[in-house]
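Report on the following structure.
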Amino acid sequence: MALNLHNSGFSDALVILGAAGIVIPAFARFRISPVIGFILVGVLVGPAALGGLVPQVPWLYYLTISNPASIEPFAEFGIILLLFSIGLELSLKRLWTMRRLVFGLGAVELFGSAVLIAIGLHLIGQAWGGAIGLGLALSLSSTALVLPLVGAASRVGRPAFAMLLFEDLALVPIIFALGAMAPTAAGGWEGIWNVALRGAIAVAALFAAGRFVLPRLFAQAARTKSPELFLAASLLVVIVASLTTAAAGLSPIVGALLAGVLIAETEYAREVEVMTEPFKGLALGVFLLTIGMRLDLSLVLANWGQLLAAIIAVMAVKAGVTTALLKFTGTRTGTAAEAGVLMSSPSETTLIVLAAALAAGLILPSTAAFWTTVTAIGLTITPLLAKAGQAVARRIDRQERIADPDVDADRPGTVIIGFGRVGRTVADMLAVHGKPFVAVEADIDVVNEAKRAGYPVIFGDVARSELVDRLRLGHADALILTMDDPVLTVALARRVRGWLPTLPIIARARDGAHASELYKAGVTDAVPETLESSLQLSEAVLVDIGVAMGPVIASIHEKRDEMRQMIRQDANLDRDPRIRRLRQADVTP
């Protein structure tokens, strides 16, 4: 079947994939966020730039987005996956432990910024309804950009995550409130109550399904050991949850958020997050392209003064409110200022609220277009704001002579990869001595059994590099590798050692040859399992058949030393490998 390049959908898909293939590597090479690249590509290929020249230069059709509206569904899917990923970070237990930060700090930050922005807009002539809608929209900050820049566990990321979390939870109520404020919303509040009732039923149904259906669905998918089936199950849960809330009159992103929360309560959260990450990244890239296509360069040039003033005013209000709140809660000045600068730009969800305000008749189309441009510019400069915030924090810290804390993130303790009989024994010994640990296991039945026994075990496949990246090994005390796969053990040891040259890595080896490979890969210690078991077996046999204990132990010591020297020679070590040494008392006849 011949490909029809004149099909607008096919042509636009090629442009999107081409942009992703060029933008991400190119900007990553220069350590620049690809967010900027996607938005700039959107500007370039959109109707306000090269896309508008297609009638005069027909061949540009193959390099531009001919129908921006056709990719809107993909952009919306990107937002759905974004909210889903937020839900995965948001187990009910974690939400409860963060309740004061989320519903205290987050609420004051959002509504405090909204009130100040709304008052400012009203003073320059905007009606109160529109001023409130714009204030709420512009007070939102970008979850999609802020968290990847600072993480959720750093000294800046922890308060930022709490505030962003409240904003995401408040998004749908904000949209409902704007609809009720519409001039033509006769009986609007009654309609909201009806939607709330249907929504409550839908949410209850989703929670019931999450409690009884999700564990069985993912357990079956995990037992097949098929990544494709696991991915299909994950996307199915997201889509069904989104359709359920949409059918009840709620936003589909509420369903996506709930799906993430429900999966976060299971052992599969990390694996699902890893599996869906590429799709979320690509779909979010499409969303950023649509933001770029909304930027009308002629409008920017014609109103650059007003746009610049609007951006500076919004950023100043949000940065000031956030910094003051964090400082009030006891956060040091440098950290508060860095978080304030980072959170100062508008969000991708600002566009959703702007659309809701426009649909409700609270603002004019020209006003929506102006603030859409402000939002697009704000999103574009968010990575630059992160750099600026870090510079401000360093300067303030130097002036106040305050040292960074020793630990910026919660320490995972010792990380155990593989939780079979060896991994469990190691965990038991760590627990005896009060050392914290977390284990990762790819067998869901083992994970379920370990969790019932009270062990901190998560489900995941360390063959996927994304999962390893999320284990925060840079803050770990040690890494213990006890997997059955010798090739994967060597590969993982080599990768982690290249990343963390000082982290203690202790690995289970099958035999002496495998131990040599592990030492070459950079492990601190390798323990040949078959060597120790075979020597202990030999000791028992020789003693039971009448050989004296002294000569038996001496011969075992010689055999162990022989193996030690062989491993040292094969691995080119400058020290003896740590194979168990005998105490002097052990060789006494």
Next on the checklist: Need one word for region 465-512: rounded, prolate or oblate. Basis is the Cα gyration tensor (sqrt eigenvalues a ≥ b ≥ c); a/c below 1.5 gives rounded, then a/b vs b/c decides.
Outcome noted: prolate
Checklist entry - Roughly how many percent of the accessible protein surface of region 307-406 is carbon and sulfur, given a 1.4 Å probe and a whole-percent answer? => result 66 percent
Checklist entry - Along region 327-333, what does the Karplus equation 6.51 cos²θ - 1.76 cosθ + 1.60 (θ = phi - 60°) give for ³J(HN,Hα), rounded to whole Hz, x for Gly and Pro? => result 5, 5, 7, x, 5, 5, 4
Checklist outcome for this item: Put 224, 97 in order of accessible area, largest first, probe 1.4 Å, and you get 97, 224
Checklist entry - In terms of modelled amide H atoms, which long-range or inter-chain residues lie less than 5 Å from the amide H of residue 507? => result 481, 525, 526, 527
Next on the checklist: Per residue of region 76-84, what does 6.51 cos²θ - 1.76 cosθ + 1.60 with θ = phi - 60° give for ³J(HN,Hα)? Whole Hz please, x for Gly and Pro, Karplus curve as stated.
Outcome noted: 5, 5, x, 5, 4, 5, 4, 5, 4
Checklist entry - Given a 1.4 Å probe and the protein chains all in place, what does the accessible area of residue 226 round to, in Å² to the nearest 10? => result 40 Å²
Item to check | Separation in nanometres of the label points that stand 7 Å from Cα toward Cβ, at residue 226 and residue 472 | outcome: 3.6 nm
Next on the checklist: If I stretch the segment between residue 246 and residue 277 completely, what's the gain in nm (0.36 nm per residue apart, minus their alpha carbon distance), one decimal?
Outcome noted: 8.8 nm
Item to check | Exposure rank, largest accessible area first [469, 443; 1.4 Å] | outcome: 469, 443
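Within region 211-314, list the trypsin sites (Lys or Arg not before Pro) lying in a DSSP loop whose Cβ has at most 13 other Cβ atoms in a 10 Å radius.
225
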Checklist entry - Could you give the length gained on full extension between residue 485 and residue 499, defined as 0.36 nm per residue of separation minus the Cα-Cα distance, in nm? => result 2.9 nm
Checklist entry - Based on the Cβ-Cβ distance from residue 200 to residue 359, what FRET efficiency comes out when R0 is 35 Å, to the nearest 0.05? => result 0.90
Checklist entry - Full extension from residue 119 to residue 443: what is 0.36 nm times the residue separation minus their Cα-Cα distance, to one decimal in nm? => result 111.0 nm
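In what order, largest first, do 212, 218, 437 sit by accessible area if the probe radius is 1.4 Å?
Details: 212 120, 218 0, 437 30 Å².
Solvent-accessible surface, decreasing: 212, 437, 218.
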Checklist outcome for this item: Expected vector for region 111-116, Karplus 3J(HN,Hα) from phi with 6.51, -1.76, 1.60 and θ = phi - 60°, integer Hz, x for Gly and Pro, equals 6, x, 5, 4, 5, 5
Checklist entry - Where a ≥ b ≥ c are the square roots of the eigenvalues of the C-alpha gyration tensor, would you call region 205-358 rounded, which needs a/c under 1.5, or, failing that, prolate if a/b is larger than b/c, or oblate? => result prolate
Next on the checklist: Probe radius 1.4 Å, ligands and nucleic acids ignored: give me the carbon and sulfur share of the accessible area of region 103-144 as a rounded percent.
Outcome noted: 81 percent
Item to check | Pairs from 451/520; 435/520; 318/387; 225/520 whose Cα-Cα separation, in the structure shown, is over 24 Å | outcome: 451/520; 435/520; 225/520
Checklist entry - Points 7 angstrom from Cα along the Cβ direction at residue 303 and residue 103: gap in nanometres? => result 3.9 nm
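How would you rank 347-358, 112-123, 129-140, highest first, on the average number of other Cβ atoms within 10 Å across their residues?
Values: 347-358: 23.8, 112-123: 19.1, 129-140: 26.3.
The packing order, highest mean first, is 129-140, 347-358, 112-123.
The values are calculated or read from the model by the stated rules, or taken from the named source; none is laboratory data. In this text the structure is predicted, and so the values were computed from the model without any measurement. Heads up, the Cβs are rebuilt from the backbone with ideal geometry, glycines too, and the neighbour counts pull from every protein chain shown. Side chains are part of the model used for accessible areas, which takes the heavy atoms of the whole protein and leaves out ligands, DNA and RNA. Shrake-Rupley method; radii C 1.70, N 1.55, O 1.52, S 1.80 Å.
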